[in-house]
Structures are given as structure tokens and as C-alpha cells.
2 protein chains.
Amino acid sequence: MDLKPTKPLSGFIELLPAQQRCFDYCAARMQDVLRSAGFSMLDLPAIERAEVLTDKDNWDEIETQMFLFQKGDTKMGLRYDGTVGLSRYVAGHLNDLVFPFRASQFSKRYRGERAQRGRYREFYQMDLDIMGINSLSTNYDAEIISVINRALESVSEFIGPNEALIGSRPFWDALFDYLELSENQKREVFILIDKKEKMGDEDFAEGLSDALGNAKQENLIKLVFSDGYKQFLNKSDKLDAAIDELTRFMSLLNGMGVKNAKIDLSVTRGLAYYTGLVFEFKLINHPELGTAAGGGRYADLAGKFSKTKIIGVGAAIGFSRIFASMLENNQIDLTRFANPVDVAVLVMGDNNVAYATNVVNALRDAGVVAVSYLDTDKKFKNQIEYADKIGARFAAIVGDDEVAKNVIALKNMETGNQETCVLADAIKKVK
Amino acid sequence: MDLKPTKPLSGFIELLPAQQRCFDYCAARMQDVLRSAGFSMLDLPAIERAEVLTDKDNWDEIETQMFLFQKGDTKMGLRYDGTVGLSRYVAGHLNDLVFPFRASQFSKRYRGERAQRGRYREFYQMDLDIMGINSLSTNYDAEIISVINRALESVSEFIGPNEALIGSRPFWDALFDYLELSENQKREVFILIDKKEKMGDEDFAEGLSDALGNAKQENLIKLVFSDGYKQFLNKSDKLDAAIDELTRFMSLLNGMGVKNAKIDLSVTRGLAYYTGLVFEFKLINHPELGTAAGGGRYADLAGKFSKTKIIGVGAAIGFSRIFASMLENNQIDLTRFANPVDVAVLVMGDNNVAYATNVVNALRDAGVVAVSYLDTDKKFKNQIEYADKIGARFAAIVGDDEVAKNVIALKNMETGNQETCVLADAIKKVK
């Protein structure tokens, strides 16, 4: 019989134990930051009705982007982000939640498209969202940015420093109005801006020219990226309001202790959802990862599910994008995650298994990671080799003599020193 | 426009924040027990190739049981248990792992069949497995049972006491041989035993009679459940060996401190995988949940993936089965999970947001869960109402006066007492 393949499907992540411990450690630290900021951790279904996932009816088209299946008459699929499920959940629990409601989700999401370099088909994102009914101050936008910054800071020993780039959808709306662009032109130019970084300056200029064919309009849009937004003060009330919001926001961030934020109007976060300020985080030492986190404000989060107007500001941290990539590329030193076991308890003879188990249980109760080697017919040489291979700091040897005297032979695996002691002393020495 | 449904699909679990906090707390406690016992936490893909999930070729048949989809030429599906992925992973990483290898997975699994009462289509199981190459002492079977027992004990305040029921596949093999059953009869009787509890004694007797049509054989099998296995000593060497293994095993469990285990030969764990001792855990106060955990030994875990013989003993704890059921049925007192916020920081006026954020950050750094209310134009009455609704123990009030004097007005929400203090003192009072 042919053996089946042992590699996971392409685009799916599979870590070795030490890598996984690092991944889990970083997730736990970041979640501690979110929990201390009052975010409720939600765990929503990975499968949603197709009608919840998309408004599109064209099954063939959406099937190329998602994992979909049909059960009986019901079409359903795996979520591609955390926002669709959250909108449904919040709309369904308006009376169970207190608003502003702070929610976080750390969960797997799925993209059905063919895997490309650096793109996963199954990946973790860590979302955080603050939602209000009918109103929600932009102070919460600043709070979200501050919390993401603190979460990324909490693991900076692994990923280095970060910076936040702040964009504004209202600024572009105001500028497009001021330039008197048609709806079609607005859309085309907006797509160009969203892709500007990937396109390069030359292609961007060419695209603008194709879309507008008006040198004055083209130059003004290019000016946003060279001389900055301040050129656009006193042009229209709408532009002034957008610029005022942005400058006040930057000053608030600074006052809140977020010192690594700057304005970057090329940040637009695509066409979906967002209606206000938008932002992205980059890792300064890891430009190859692209956007580490991104988000913004949406004026009506759950309009498809509820007549109640839920205003939200939210973001997703690309957790797998950051950590799975760095782990797979050996960019994180795993030394401290390599050897989690404190004590290997080696057992000479089946008669001593019960005694040895009481030893490991006492160690575990004391918060010591203890593993017993229970193939008791193996020679001492093999057993001590096991203790060495798993990198245990100590070996606790249990044979007939030790059981008779109610003691343990405790060997320091680093120094090779061995001494006989009672259990309570062994626990003290190990801790 | 019609609103979309807000309920999750049937068979999918969705908890409210306090329920989720309890669920997560229990998972974390149990995972701490496993981690202290040296289990490596693995997080494998939820999607596997169809050929990994099943040996069956009949797509229509397996599609009724699983969530399957096709991408290009590749058929794939969502895992229904943790064992298939683990076998693949271990076979693919023989040189990266130290054996005996202890692995745990706490992950979502999926069953495609129509949801029935108490059956989920997406559910968490917590697996633990110990795997050896070519040999693995049955002492590890006892270790697995001991660790599950300790994991369930760690959350006994919620789920009450547990008991372990130990069965033996070799006992039945030996008895069937002794009774000289045909292969077909063995299979039929084995299925009957597996279903005995659900069938009831009368249907079981009838089933036996249909399968065997031999009063002597029928009575001997019934005798296992009434008078016990000891009747079968000195009948055949194979029976004696199976009974000897079982009695030694029970005595080992007892010596290891597992006082709540008993023999129950009706425990067989179905037809798949298992080749040695098998076991199930029940929650004594929650018979309605059925089997809380189950597992056993398999002689060749990864035969489909590798020529190396990997012997395993493993179990799955039905985490959602236990906790989602109990939470959905309000069988757990959620008082201590209801109000996670220590301090609500209330902010009077936009000018004071930066100051207030420095207060919340200092509180969070000190390990205090702190939430700021940032709709600063809301009246004090509305803000204090928010602090009350989220069950904050304290409200920290920040207005122009407090900022000018560099202090906080700290209100104890239970007593109503309010005092003005500097930040450091506020942190002390709150902790």
C-alpha cells in the first residue's frame, strides 16, 4: 500500500513544538494586554451561512475565494475574517451586552484562493473592536491604536519596534469633492491610492493620468504624498474639517503616550467597511511582512443584521502573518522555548511506577514540569539519554533502593552532580 | 432590504462573554495540568486532504458525515477528530521529536451530519497522546488516565467528581476465541457490546440471540456483565493473560493515586483504532452528558503514513460536550465571571482623554483590568451608569479639577464612598 502524504496542504501552517510554544506565548502576552483593557474574548463559529459571508449570489465566483459547502439546502462556508461573525453576534445580542462593547477574537480564518508566497489559506488574526450604539467618540479610535501598540510592545523582544500610520477616508472624500471628480473617477483613483505602494510612483502616475486626464487634478493628488495634506487647508470646509480631525487625533495619540504614530494618507484600507479614520501598523525591523495590523472606523457595522445603528472601530492584528512567518524563517531565537521540562523521572522496574508517579504528581502540584519515563525495562543508559534529549534540567532516578528508603536520586543534568534526597528537598532544589 | 439571520447555524456554539470567560478559564486550568505533565501543545490545520481523513472512496457517503470541498483537483475537508492529523504530523516529523512523545491538542473539530440534540457540528476536544516507536509500556496507559483524572479534578468545582471505567479489547478477543465465534459473529457481538448501554438489557439479549443462536455462548457473554470477568480465569491462556493485565493495571492505577477507577468491560470504544486497554470517564453528577472523555491504546497509530511503527495511547476529553452543554443549560454559577472589570475610568470632557489614558495604562500595567469611557460629552449620570452596568468595582473620575491637581476621584461602586487621591494610591486601593 502506498503511504499517504505527511505534509500539510500548501498554505497551511504546522509548527514544531518549540515554535508552537513561542507562538502560544506571544498570543498569551498579547491577550493579557487586551484582557487588562477590558476586551471580552469571543469565540465564534468558524462556519457561517453563505448569505452571512457575502452579498454576492454568484456561487462560482465566491467559491474561488472561500471554502464553501452545501448541507441539505443550506449553503455555508468558512469565515475569511472576524468582522462578519462579530456583526451577526452583536446584532443578535443587543440586550445581552453593555455598550460601548469591547470584543476581541483570536481565531483561525480561511481564504479559499490558491496559496501564494507568504499568503496562508488558514491563519490566525487577533481582532479587537469597540462598538457603540448610535454614537462612539473618535477617542475610541485612539484607544484601539494605543491598545494595539501596547500589545505589539508586549512582544517587542521578538518582533522589535512598531509604527502606526494614520489615514483618513473623510480627507479623500473631501479632496475628491473639491476636485469635482465623478463617482467613477473617485472609485478609480481610490483603488489606485490603495495600490500605490505596490505599484510604484511611475505606474501610479500613469494610472492617475488614465483615470483623470487632467494635469491639475493629477498634480494635486500627487501633492498629498509629497508635500502633505497641509497644502489643502482653506480650500473647502469639508477639507478643513477632515484635516482638523486628523491633526487633533495625532495630538491626542501623542498625549496618550503613542509616540510612534504618523500621518500617511496613502493608508486607505481598501474599499470595504471603513468610513472614518483608518490605520496600519508596520514592524520597523520587518518591512518584508508588510502590514502587521490594520483597521479603522465603520459607521454602520451591522446594518445587514439589525435596524439598530452600531458604530464600530476595530482592527485585526495579522498574528500568523507576523509570527508564523518569522518562526518559519527562523527569525526568532527559540532557545528559551526548546526545553520546557524541569525534571525527567526515570523508573527502574515496573514495581516502582506507582512510587514514581507519586513523585511526578508532587512535582507537578508544585508547579514543576515533570515527565516520567515509564518503559521501565529500558537500561539506565537509555533512560538518562531520554532525559538528556528532552533537555530536562534534572533527572530524578527511582529504583528499588530509593523506594525502600523513601528517597530520590536527583541528578543535575548540567553539572552531572547526583545526590540522594527526600521528595520535599528535591522539590526545593528543582524550584 | 430583509435583515440577515443573527442566530448561528444549528449545531454551532456561541457563548456570551461571561460564559466564554468560564469556558476559557476551565480550558486554561486543564491545559496547565497537561503542560506540567510535559505535553507539547500542538495546533494542526483544521483542513486535511480527503485521503488523509478517510480511506473511503465513496464521496457521496463521506460527504454526509464530513465537511468536504474541492479546490482544483484536490479534495479536502475539515477534521472530525484530532488523531488523523496527529498521526500525519508525527509520521512526518519522526526526526524532529523525542519519543516517547507527549502531545496535546485543544482544537475545534467538525461533524458534517445534521445536528441532533446535544450533538455539535463544531466542537472542542482536548486530546492527549503519548507515542513511542516500536514499544510503549502500558504504564503510559495508566499515566494518561492519571493525567486526565488530574485535569478533570482541576475543574471539579464546576463539574464535580469523575470516575474512570476501564475496558479491555484483549479480554473480548480472548473470550470470543474461547467461545469459538466466527469472524462475523465476533464483529456483530462486539457492535452489540458497544451499544449495550443505549440498547438496554432486553434488546441486548435479543441481539445476542440473533447473532449467536447458542444459549451457552449467550449466557457466558451476559455473565461478563453480571458476575464479572473473574468467572473466566483458568479457561484459556489468552483469557488469563488479558485478565492478568487488567487486574495488574487496576492495582497500578490505585498505587498511582487514581482511586476512582473501576473495571467495566462494556467499555469498548467502538471498532476503530484501539487494540489494547480502553477507558472512559464519566462525570458522576452529570450522567446526562454521557462519556466525558475516552481513549485507549493503538498498536500502529500512523501505519498509513509511515513504515515506522508508532504505538500510541491517547484520549480525547469532550470539552465542548462538557462545558458548552453545562453553560448552555445554566448548570454553572457564573457570578465570578460576570464582572471582569476592576476600574471604569470616566472622563469629563475631551481635553482630559490623554490624562485619563495615562491613568488606565498605569492601572493596566499594574495588572488591574481598566476600561475608559471615552464618549466624554455624555453626562456624569450616563457615565456612572456605564460603570455600574459593567459591574466595575471602582469608578475613577477624571475631570478638569482632577487633571489640574494631578489626582483622581476614586469611587467605590459598592459602598458609594468617594475620595480624591494620587494615581499611585489609587492603584494600591484598587489592588
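The values are calculated or read from the model by the stated rules, or taken from the named source; none is laboratory data. Treat the numbers as computed from the prediction; the structure is a model and nothing was measured. Ideal geometry is used to build each Cβ from the backbone, glycine not excepted, and the neighbour counts take in all protein chains shown. SASA here: full protein model, heavy atoms, side chains in, ligands and nucleic acids out. Shrake-Rupley method; radii C 1.70, N 1.55, O 1.52, S 1.80 Å.
Things worth noting here:
- Entirely in region A:120-183, the helices (runs of 4 or more DSSP H) that have 1 or more residues that are touching a residue at least 60 places away in the same chain (Cβ under 8 Å) and within 14 Å of chain B (Cβ to nearest Cβ): A:139-153
- Wholly enclosed strands (runs of 3 or more DSSP E) of region A:291-363 bearing at least 1 residues out of contact with any helix residue (DSSP H, G or I) (no Cβ under 8 Å at 6 or more places or on another chain): A:291-298, A:310-317
- Residues satisfying the stated conditions in region B:358-396, i.e. farther than 27 Å from residue B:336 by Cα and either small (Gly, Ala, Ser) or at the interface with chain A (Cβ under 8 Å from one of its Cβ atoms) (or both): B:358, B:375, B:376, B:377
- Pairs meeting the criteria (first residue in region A:282-304 and without any contact (Cβ under 8 Å) to a residue 40 or more places away in the chain, second residue of a type in the set (Asp, Glu) and open to solvent by 20 Å² or more (accessible area, probe 1.4 Å), beta carbons under 7 Å, at least 6 apart or on different chains) are A:291/A:280; A:294/A:280.
- Residues of region B:402-419 that are in contact with a Phe, Trp or Tyr (Cβ under 8 Å, 6 or more places away or on another chain) and farther than 16 Å from residue B:370 by Cβ: B:403 alone.
- Taken as a whole, region B:267-288 holds at least one residue that is hydroxyl-bearing (Ser, Thr, Tyr), at pLDDT below 95 and under 28 Å from residue B:156 (Cβ atoms).
- Any hit, region A:60-68, residues being more than 7 Å from chain B (Cβ to nearest Cβ) and within 22 Å of residue B:371 (Cα to Cα): no
- Tally of residues being without any contact (Cβ under 8 Å) to a residue 60 or more places away in the chain, under 21 Å from residue A:31 (Cα atoms) and of a type in the set (Asp, Glu) across region B:1-51: 2
- Of the criteria (1) at positive phi; (2) assigned to a helix (DSSP H, G or I), which one residue A:269 fails: (2)
- Test: residue in region B:281-301 that is under 20 Å from the mean Cα position of the chain (by Cα) and of a type in the set (Val, Ile, Thr): yes
- If you go through region A:114-172 and keep only what is among the basic types (Lys, Arg) and either buried (at least 23 other Cβ atoms within 10 Å of the Cβ) or within 27 Å of residue A:80 (Cβ to Cβ) (or both), you end up with A:114, A:117, A:119, A:121, A:169.
- Hits in region B:206-249 - residues which are part of a helix (DSSP H, G or I), surrounded by fewer than 15 Cβ atoms within 10 Å (Cβ to Cβ) and hydrophobic (A, V, I, L, M, F, W, C): B:215, B:223, B:241
- For residue B:333: the one exception among (1) more than 13 Å from every other protein chain (Cβ to nearest Cβ); (2) under 30 Å from residue B:283 (Cβ atoms); (3) in contact (Cβ under 8 Å) with a residue 60 or more places away in the chain; (4) of a type outside the set (S, T, N, Q): (3)
- Filtering B:50, B:27, B:103 for residues that are surrounded by fewer than 19 Cβ atoms within 10 Å (Cβ to Cβ), more than 7 Å from every other protein chain (Cβ to nearest Cβ), on the phi < 0 side of the Ramachandran plot and in contact with a helix residue (DSSP H, G or I) (Cβ under 9 Å, 6 or more places away or on another chain) leaves a single hit, B:27.
- Test: residue in region A:204-217 that is closer than 26 Å to residue A:283 by Cα and in contact (Cβ under 8 Å) with a residue 60 or more places away in the chain: no
- Looking only at region B:296-313, and only at residues there that are away from chain A (no Cβ under 13 Å) and among the small types (Gly, Ala, Ser), the one that is surrounded by the fewest Cβ atoms within 10 Å (Cβ to Cβ): B:299
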